[in-house]
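Engineer: Questions regarding the structure given below will be posed in turn.
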Amino acid sequence: MRYFFEDCALDTDKRELRRGPDVVPTPPQVLDLLEYLIRSRDRVVSKDDLINAIWNGRIVSDSALTTRLNAVRRAIGDSGEQQRLIKTFPRKGFRFVGAIHEEDRCPRTAVVSLAEPSKFARAAGSTAVSVPDLAERAVSKRQFHDWLGQLRGRMKLVGGALASVATIGAIAGGLIGYWNVWKTIRTDVVREAQKIQGQPTVGPEIATRLSLVVLPFANLNNDPEQERFVDAITTDLTTGLARTPATFVIGRETASTYKNKSIDLKQLGTDLGIRWAVHGAVRRNGDQVRINVTLTDLQTAHDIWSDRFDGDRTNLTVLQDNITARLLCIAHLHLRQLEEAIEQCSRSLNIGANLQAYIS
């Protein structure tokens, strides 16, 4: 089976994905995931559905699934932010939403008697041909050439050279005519599907979503006993940011897989389908705590804001709330979401609605 969508073609028999004329190098598991999403495009498939279908029910982390899904999106020219072809439904699953044209690699072909080549030629030359009839009789060029070779051998046994040439010419002309018509029809169908998909969907505008991950904070004390304290601060910041409406935050378990690892920040944004990363470090001296925090734009891998916050263990909750508000303030300002930024900025910076000077 072959599936055509946008400028891509997935051939499940050849295990091959093409974008335009080029073959896209694609790992087998990524091909399996793409094929399953396309075959199940009439519904939203959950993470459990994907794990059962692709990994045969084995235990798979969220990060592994997210990595494979983003690899599929990259292979077909999609992304976690655009979601033109593969849409994520939060807490529900995923669905392939692109317009698909299917083509069976083994269409039925008409059986023609050698004694009646002129009848087939007249039928091929007829202008009153229906689209379903063309789809049933269309054959690939390779099948045509193979069949034509066999026909030449048989014609040597049953007729003279002139009769063979005339018959082969008539049949070849008819089949090539069918092939050209079918190729034109298929191109028109794909073009129309792309045109429909490119049209804007009627509905309410959805604001750009604030999406981020809180990476594990570093322990500047180099004291293993302080690891739990540092991890607790990371967890509380993740929870505080996730409680804000319209904010998407990567789960703590997924974020913890990046602990003590060298990270390509741009690739991190692509793999997780998010815009921002929060990271930093914690130093503790008795009851005194200093938290260094940085907000990074994963599209450019540039730090857009960083600051340090000092406090003690007795007011740690207030300190973390202040950090959360400041992060949301800065992120909303960079997204030009002034109404959302007003409350957070007034809480953390005491600047009220006078935000214009803070916009970069």
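The values are calculated or read from the model by the stated rules, or taken from the named source; none is laboratory data. Note that the structure is predicted; figures quoted are calculated from it, not measured. Every residue, glycine as well, gets a Cβ built from its backbone with ideal geometry; the counts of neighbours run over all protein chains shown.
Engineer: Residues 60, 111, 24: which one is surrounded by 14 or more Cβ atoms within 10 Å (Cβ to Cβ) and either at pLDDT 90 or above or farther than 23 Å from residue 257 by Cβ (or both)? Full working, then the answer.
Structural biologist: Working: 60 fails: either at pLDDT 90 or above or farther than 23 Å from residue 257 by Cβ (or both); 111 fails: surrounded by 14 or more Cβ atoms within 10 Å (Cβ to Cβ).
One residue alone meets the criteria, 24.
Engineer: Taking the condition in contact with a helix residue (DSSP H, G or I) (Cβ under 9 Å, 6 or more places away or on another chain), over 30 Å from residue 256 (Cβ atoms) and exposed (fewer than 14 other Cβ atoms within 10 Å of the Cβ), does residue 15 pass? Reasoning before the result, please.
Structural biologist: On the way: in contact with a helix residue (DSSP H, G or I) (Cβ under 9 Å, 6 or more places away or on another chain): yes; over 30 Å from residue 256 (Cβ atoms): yes; exposed (fewer than 14 other Cβ atoms within 10 Å of the Cβ): yes.
Yes, satisfied.
Engineer: Hey, does segment 28-46 have a residue that's in contact with a helix residue (DSSP H, G or I) (Cβ under 7 Å, 6 or more places away or on another chain) and part of a loop (DSSP other than H, G, I, E, B)?
Structural biologist: No, every residue in segment 28-46 fails to be in contact with a helix residue (DSSP H, G or I) (Cβ under 7 Å, 6 or more places away or on another chain) and part of a loop (DSSP other than H, G, I, E, B).
Engineer: Within segment 74-103, how many residues turn out to be touching a Lys or Arg at 6+ places or on another chain (Cβ under 6 Å) and in a loop (DSSP other than H, G, I, E, B)?
Structural biologist: Summing the residues that are touching a Lys or Arg at 6+ places or on another chain (Cβ under 6 Å) and in a loop (DSSP other than H, G, I, E, B) in segment 74-103 gives 3.
Engineer: Among what's in segment 256-272 and is touching a Ser or Thr at 6+ places or on another chain (Cβ under 7 Å) and not hydroxyl-bearing (Ser, Thr, Tyr), pick the residue that is farthest from residue 226 (Cα to Cα).
Structural biologist: Step by step, filter segment 256-272, then rank; the result is 271.
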